[in-house]
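For reference, the structure discussed in these notes is given below.
The values are calculated or read from the model by the stated rules, or taken from the named source; none is laboratory data. Being a predicted model, the structure only gives us computed values, none of them experimental. Please note: Cβ atoms are built from the backbone with ideal geometry, for glycine as well, and neighbour counts cover all protein chains shown. Ligands, DNA and RNA are stripped out before the accessible areas are found, and what is left, the full protein with its side chains, is counted by its heavy atoms. Shrake-Rupley method; radii C 1.70, N 1.55, O 1.52, S 1.80 Å.
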Amino acid sequence: MLRVIVAGVFGKMGLEIVRQVREEPEMTLVGAFERPDHPRVGEEVVDGVTVAGSLEEVIEKGDVFIDFTHHTASVMHLHVAEKHRKRAVVGTTGFTPSELDEIQQIGRKIPMVVAPNMSVGVNLLFKLVKEAAEVLGPAYDIEIVEAHHRLKKDAPSGTAMRLGEILARTAKNAGLEEVGVFSRQGMIGARSDREIGIQTVRAGDIVGEHTVLFAGPGERVELTHRAHNRSNFAAGAVKAALWLSHQPVGLYDMQDVLGLK
């Protein structure tokens with residue numbers, strides 16, 4: 001039985017992960033925590049599980065923790081997991097380059113899955129856009145359009161950035177920092193052959209939509225993923241935690257979990 005701890009338990013993702021962990025016969029919820037100043041610290045989230053004010057308070061109870069919180073908090077939580085030699089599944093986005101370097105270092109000490117999107121469908125999209133770029137080649141212009149709810153804090157989304165990184169490597173033999181174009185305004189002139197556009201929409205309660213557009217001579221190919229609710233992200237995290245329980249030390253992503261590499 002895999003013993004699970006959930007971070008940010010009273011957030012929308014936290015509550016959904018708790019629900020799915022409790023429904024998974026190979027898992028048991030043994031801990032949950034929020035930030036220390038959260039007004040609901042000390043409450044029971046389910047019978048027998050009281051919400052702690054930090055991961056340190058509950059880390060020894062579990063085998064793995066699942067985290068969809070904030071990038072700075074997630075890095076701190078990973079350091080706690082490293083100290084106690086526990087496994088981690090992190091779906092947080094918005095990590096800075098220096099935080100990503102820290103994550104790489106921690107991944108040499110503990111088994112962990114870190115992915116900007118835990119959805120099975122989105123991870124299939126990562127594979128499909130790579131294959132499409134290989135077939136269509138440099139004659140096709142590439143644009144990424146992502147849409148999320150009005151409260152999302154980071155832009156572009158982590159998923160859009162991962163799509164951009166895949167496409168930059170595959171179609172342009174470059175890093176996204178070299179070819180990514182994140183806004184257009186005014187007399188910008190003709191589009192260059194090298195650029196990959198990434199456009200952001202923030203509106204209403206959109207859970208998450210990502211479209212990759214390949215536009216070439218006389219035709220256009222579009223690959224789109226739309227999330228209808230957050231349950232698919234939580235399901236992916238649960239799948240990742242179960243998979244990770246049998247893996248050696250290393251930094252993995254959902255492509256590893258799903259066998260898509």
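Solvent-accessible surface of segment 207-261, averaged per residue with a 1.4 angstrom probe and all protein chains in place: 49 square angstrom.
In summary, the lysines within cross-link reach of LYS172, defined as a Cα separation below 18 angstrom excluding same-chain residues under 8 places away, comprise LYS127, LYS130.
In segment 215-230, whose amide N lies under 15 Å from the spot 7 Å out along Cα-to-Cβ of VAL135? List them in ranges. Zone members listed by number: 215-216, 219-224.
Straight-line reach from LYS109: taking Cα to Cα under 13 Å and skipping same-chain neighbours fewer than 8 places apart, the aspartates and glutamates in range are GLU82. Could you tell me which of rounded, prolate or oblate describes the chain, using a ≥ b ≥ c as the square roots of the eigenvalues of the alpha-carbon gyration tensor, with rounded for a/c under 1.5 and, failing that, prolate when a/b is larger than b/c and oblate otherwise? In terms of gyration-tensor shape, prolate. Counting only protein heavy atoms and a probe of 1.4 Å, the accessible surface of the chain is 51% carbon and sulfur. Residue separation of LEU151 and GLN104 scaled by 0.36 nm, minus their Cα-Cα distance, works out to 14.0 nm of gained length. Mind running the shape call on segment 117-226? Use the C-alpha gyration tensor, a ≥ b ≥ c as the square roots of the eigenvalues: rounded below 1.5 for a/c, prolate if a/b tops b/c, oblate otherwise. It is oblate, given that a/c is not under 1.5 and a/b is not larger than b/c. Against the chain, whose longest principal axis comes from its Cα atoms, helix 97-106 is set at around 50 degrees.
Compared with the direct C-alpha span, the chain from GLU209 to LEU223 gains 4.0 nm at full extension, assuming 0.36 nm per residue.
All distinct Cα pairs of segment 41-106 go into the 1/r average, and the inverse of that average, the Kirkwood radius, is 12.7 Å.
Tell me the per residue accessible area of segment 1-136 using a 1.4 Å probe; a whole number in Å² is fine.
46
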